[in-house]
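Enquirer: Below is one structure. I have some questions about it.
We did not get these values from a lab; they are worked out from the coordinates using the rules stated. As the structure is a computational prediction, the values presented were derived from the model and not from experiment. Glycine also receives a Cβ, built like all others from the backbone with ideal geometry; neighbour counts cover every protein chain displayed.
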Amino acid sequence: MKKPGKRPKQRLVVFCCENSAAKAAESAAGDPMLKGVEFVRVPCAGRVEIRHILKRIEAGAAVLALACPLDNCKYIHGNRRTLKRVDRVKQVLKDAGIEEGRVRMEFLSSVDPHKLVNVIKEAKRP
Amino acid sequence: MITAERKPFGEIADMVQDAKKLLILGCGSCVTVCMAGGEKEVAMLASAMRLANRKAGRKADIREATIERQCDREWFDKVAEDIEWADAVLSMACGVGAQFCGEAFEGKRVVPALNTKFYGATERQGVWVERCAGCGKCVLADFGGVCPIARCSKSLLNGPCGGSQDGKCEVDPDRLDCGWQLIHDRMKLLGLLDRLEAVQPLKDWSAGGDGGPGRIVREDATL
Amino acid sequence: MNALKSGSRLEQVLAAGQFAVTAELGPPKSADVEVIKTKAASLKSVVDAVNITDNQTAIVRMSSIAAGALAMKEGLEPVIQITCRDRNRIAIQSDVLGACALGLRNILCLTGDHQVFGNHPTSRNVYDMDSIQLLAMLKGMRDGKKFACGDDIRNGKNAPVVEPRIFIGAAANPFGDPFEFRVVRLAKKAAAGADFVQTQCIYDMERFERWMKQVRDRGLHEKVKILAGVTPLKSLGMAKHMRDNVAGLTVPDFCIERLEKAADKAAEGIAICVEQIQKLREIPGVAGVHIMAIEWEAKVPEIVNRAGLAPRPQV
């Protein structure tokens, strides 16, 4: 049971492309900012579907999708597809009257754990 | 395939606002291919409705299911129990499937989540285009395999109107090719241009939609 | 000379080999008869016949047959335009009988502008047939004395056959694409039953002459009377609008330049139009001119006079 008066912390689910963000997350392991964050490794950001994101949001989480930099996707268009899907999710949230910021997307490379920490910090902000 | 697009969320929400038990029923055929009403679309719409209900403080149970086709009675068996359970069924099939669902479960309120558009093909990923008007009496052989009824904005059978410019139709030059430019080019390619000089007589529209609701009977398949 | 199809004045002028002059009268966007009277007063005795447009650009106006009957009372000879956009074969044949009964003798067959351009873009179109099928249907009514379904045009088994005696017209657009099919369209219209055609308004004389060459090569000018269309440019804005926004229409740069330089744009527009008519008269196979002075009917007498086409022959 939640304690009355105290806002529950929103859980953060981060979908990580294993070619970039997942590696960055390994480098950043131990950073306190990563505490409590659920990482979901995916072979490519393009594997993340609209329904995967929505299920997590329905369960009360915020979602961050992390993909390789644009034009640098191992599967060519995977990250662009996800970008468009995230836009679609934002539309669904808008339709439902929910804050669009519950889903975010960022692009980063495997050697950029600083950015990873920063975008997670941003995403954790209510 | 029969193509469709999902209705705006607000319109759907209004249709089913008083359903306490709602089944969102997808269709696994045409509308799955054109990404309007398959399993993924069902999941997306169900999430949106649950989120919206929660936000608005409305209580409603939502179930999701997708069957192979909603235009064949046998596939409904699998979800008969869910349909019985529901106050309303939100069908994510084309207009045929949505109606047929209502016929299969008389007394059940079935409402459409999709706007059915046309008989189309996948031009490229995410883009579907009309190719057939279902006139009931195919004329493709006379026009090099390009349908003047479906692809000319005025369904002209004897050549392009004055609104054909640079291969585009004046009705929407950014989006529409002139069907007659396509016919002309194809017939030229086939060496059959002279056939377009014949005056096409009045068409018998009664073979299609103008003959009243259609019916096909295949005698050897009936019992 | 006595084998006239309709006996209309336009038919007689053309049959006599006279250079015909027709104009256009757009019916009012209301039930206001005065509009027709005013426009008719400018055109009376100035031209041989006047087209009464049928909800042109898909904007609702008084019906072409009603406006035509009113214009006839004012002393004009109407050419009733009929488009395929709004009526099916049942309605059109009915209208043709009605028009004929009212004494209207010229009918022009058009496909019709698509409804998206008009003031009821959400309406449903008909297009039961196209303009060429319409021509064939009307010729079948007149010459075959039968309806499209094959029935005789008579009120009963023992009643007399009373077919519509009409002079049948069509439009031709030499400027649409595909260009090489344009002359085929005319050939089909001639074969289907057109007695005369009026062309889309011509500014690009070079392209028109190329088209006319194709027309003569096929001998079409001997099968169907060709009236070349002109539209006087009222202003620089209109010229640019025609150039940029009207599909199947090209306005050459020199027209634009002349209007730019002119102090009195309207007078220059008239002058260009008069010169065009004079040039068109020189082209072999051109049997007349069709002056479409859009909401500028009052200027038609001046154009006809200055082009040396007045007075009109008495028939």
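Enquirer: Could you work out the helix-only [θ] at 222 nm for chain C, with each DSSP H run of four or more residues adding -39,500 (n - 2.57) and the total divided by the number of residues, to the nearest 500 deg cm²/dmol? Working shown, then result.
Expert: Working: 11 runs with 124 residues, N = 315.
Result for chain C: -12000 deg cm²/dmol, rounded to the nearest 500.
Enquirer: Going from the alpha-carbon gyration tensor of the stretch C:214-313, what semi-axes, largest first and in whole Å, does one get by taking the root of 5 times each eigenvalue?
Expert: Taking √(5λ) for each Cα gyration eigenvalue gives 25, 18, 11 Å.
Enquirer: Rg (Å, one decimal) plus Dmax (Å, integer) for the alpha carbons of the protein assembly as shown?
Expert: Rg and Dmax of the protein assembly as shown, Cα atoms, are 33.0, 106 Å.
Enquirer: In addition: Using the Kirkwood radius over C-alpha pairs as Rh, can you work out the diffusion coefficient of the stretch A:85-126 via Stokes-Einstein at 4 °C, viscosity 1.567 mPa s, in µm² per second? Display every interim value, and only then the final one.
Expert: Details: Rh = 11.5 Å.
The diffusion coefficient I find is 113 µm²/s.
Enquirer: Another one. How big is the antiparallel share of DSSP beta bridges in the protein assembly as shown, given as a percent to the nearest 5?
Expert: 20
Enquirer: Here's another thing I want to ask about it. Using a cut-off of 18 Å between alpha-carbon atoms, which lysines can reach B:K117, once sequence neighbours fewer than 8 places away in the same chain are excluded?
Expert: B:K7, B:K154
Enquirer: Additional query: All other residues with a Cβ under 15 Å from the Cβ of A:L116 taken together, and with Lys, Arg as +1 and Asp, Glu as -1, what is their net charge? Before the final figure, lay out each step's value.
Expert: Details: positive: A:K23, A:K35, A:R41, A:R104, A:K115, A:K121, A:K124; negative: A:E18, A:E26, A:D31, A:E38, A:E106, A:D112, A:E122.
Its environment carries a net charge of 0.
Enquirer: Dividing the alpha-carbon Rg of the stretch C:162-227 by 2.2 N^0.38 Å yields what?
Expert: Values: Rg = 12.2 Å, N = 66, 2.2 N^0.38 = 10.8 Å.
Here the Cα radius of gyration is 1.13 times the empirical estimate.
Enquirer: While we're here: How far is helix C:179-192 tilted off the main Cα axis of chain C, in degrees rounded to 10, range 0 to 90?
Expert: 30
Enquirer: Less than 17 Å apart at the alpha-carbon level, and either on another chain or at least 8 residues along: which lysines does that give for B:K59?
Expert: Hits, sequence-local ones excluded: B:K20, B:K21.
Enquirer: Find how many whole Å separate the alpha carbon centroid of the stretch C:42-118 from the alpha carbon centroid of the stretch B:1-70.
Expert: 51
Enquirer: Separation between the B:E130 and C:S30 pseudo-spin-labels, each 7 Å from Cα along Cα→Cβ, expressed in nm?
Expert: Simple spin-label model gives 3.7 nm for this pair.
Enquirer: Would you calculate the separation in nanometres between label points at C:V161 and B:D72, each defined as 7 Å from the Cα along the Cα-to-beta-carbon direction?
Expert: Placing both labels 7 Å along Cα→Cβ, they lie 5.6 nm apart.
Enquirer: Across every pair of different alpha-carbon atoms, what Kirkwood hydrodynamic radius in Å does chain B reach? All intermediate terms of the calculation are to be shown ahead of the outcome.
Expert: Details: mean 1/r = 0.0500 Å⁻¹.
With all distinct Cα pairs of chain B included, I get 20.0 Å.
Enquirer: Quick one: what does P(r) look like for the stretch B:1-50 with 5 Å bins over all Cα pairs, in whole %?
Expert: Taking every Cα pair in the stretch B:1-50, the percentages come to 4, 21, 29, 24, 15, 6, 1.
Enquirer: Please list, ordered by chain and number, the residues whose modelled amide H lies under 5 Å from the amide H of B:L114; skip anything fewer than 5 residues away on the same chain.
Expert: Sorted by chain and number, the residues that satisfy this are B:K7.
Enquirer: Moving on. How many percent of DSSP beta bridges within the stretch B:2-118 run antiparallel, rounded to 5?
Expert: Details: 3 of 19 bridges.
Of all bridge pairs located within the stretch B:2-118, approximately 15 percent are antiparallel.
Enquirer: Mind jotting down the distance between the C-alpha centroids of the stretch C:261-299 and the stretch B:174-211, whole Å?
Expert: Measuring centre to centre over Cα atoms gives 36 Å.
Enquirer: Tell me, what HN-Hα J-couplings in whole Hz come from the Karplus equation 6.51 cos²θ - 1.76 cosθ + 1.60 at θ = phi - 60° for each residue of the stretch C:250-265, using x for Gly and Pro?
Expert: Computed from phi, the couplings for the stretch C:250-265 are 10, 10, x, 4, 5, 5, 4, 4, 4, 5, 4, 6, 5, 6, 9, 4 Hz.
Enquirer: Counting only other chains, and only Cβ atoms inside 10 Å, what mean value do you get across the residues of C:119-130?
Expert: 3
Enquirer: A further question follows. Can you list, largest first and rounded to whole Å, the semi-axes you get for the stretch B:1-126 by taking the square root of 5 times each eigenvalue of its Cα gyration tensor? Mind showing how you got there, number by number?
Expert: Numbers: eigenvalues 98, 63, 26 Å².
In descending order, the three semi-axes are 22, 18, 11 Å.
Enquirer: A further question follows. Return an integer: the convex hull volume of the alpha-carbon atoms of the stretch B:133-201, in Å³ per residue. It would help to have the intermediate numbers written out before the result.
Expert: Working: hull volume 6.0 nm³, N = 69.
Measuring per residue, one finds 87 Å³ for the Cα hull of the stretch B:133-201.
Enquirer: Roughly what % of DSSP beta bridges within chain B run antiparallel, to the nearest 5? Numbers along the way, then the final one.
Expert: On the way: 12 of 28 bridges.
Around 45 percent of the beta bridges assigned by DSSP in chain B are antiparallel ones.
Enquirer: Taking only DSSP H segments of four or more residues, each worth -39500 (n - 2.57), what value at 222 nm results for chain A once the sum is divided by all its residues, to the nearest 500 deg cm²/dmol? Numbers along the way, then the final one.
Expert: On the way: 4 runs with 47 residues, N = 126.
Calculated at 222 nm, the ellipticity per residue is -11500 deg cm²/dmol.
Enquirer: Which cross-chain or sequence-distant (5 or more) residues have an amide H under 5 Å from the amide H of C:E24, H modelled 1.01 Å from N in plane?
Expert: So C:E24 has HN proximity to C:N51, C:A293.
Enquirer: Cα-Cα over 28 Å: which of C:K213/C:K234; A:K84/B:K78; B:K168/C:K240; C:K39/C:K188?
Expert: Values: C:K213/C:K234 30 Å; A:K84/B:K78 34 Å; B:K168/C:K240 20 Å; C:K39/C:K188 34 Å.
Those over the limit are C:K213/C:K234; A:K84/B:K78; C:K39/C:K188.
Enquirer: Against the longest alpha carbon principal axis of chain B, how many degrees, from 0 to 90 and to the nearest 10, is the axis of helix B:39-56 turned?
Expert: Tilt relative to chain B: about 50 degrees.
Enquirer: Follow-up question, since we're still on this one. If you line up the Cα atoms of chain C on their principal axes, what length do they span on each, largest first, in Å?
Expert: Between the extreme Cα coordinates on each principal axis of chain C lie 69, 46, 42 Å.
Enquirer: Amide H of A:A62: which non-local residues (sequence gap of 5 or more, or other chain) have their own amide H closer than 5 Å, using H built in the peptide plane?
Expert: Distant-sequence amide H within range of A:A62: A:R11, A:L12, A:V13.
Enquirer: Same structure again: Which one of B:I216, B:V139, C:G150 is farthest out on the positive end of the charge dipole of the protein assembly as shown, using unit charges on Cβ (Lys, Arg +1; Asp, Glu -1) and the Cα centre as origin?
Expert: Going by the charge dipole, the pick is B:I216.
Enquirer: Another question about this same structure. At q = 0.23 Å⁻¹, what log₁₀ I(q)/I(0) does the stretch A:12-124 have when each alpha carbon counts as one equal point scatterer in the Debye sum?
Expert: -1.28
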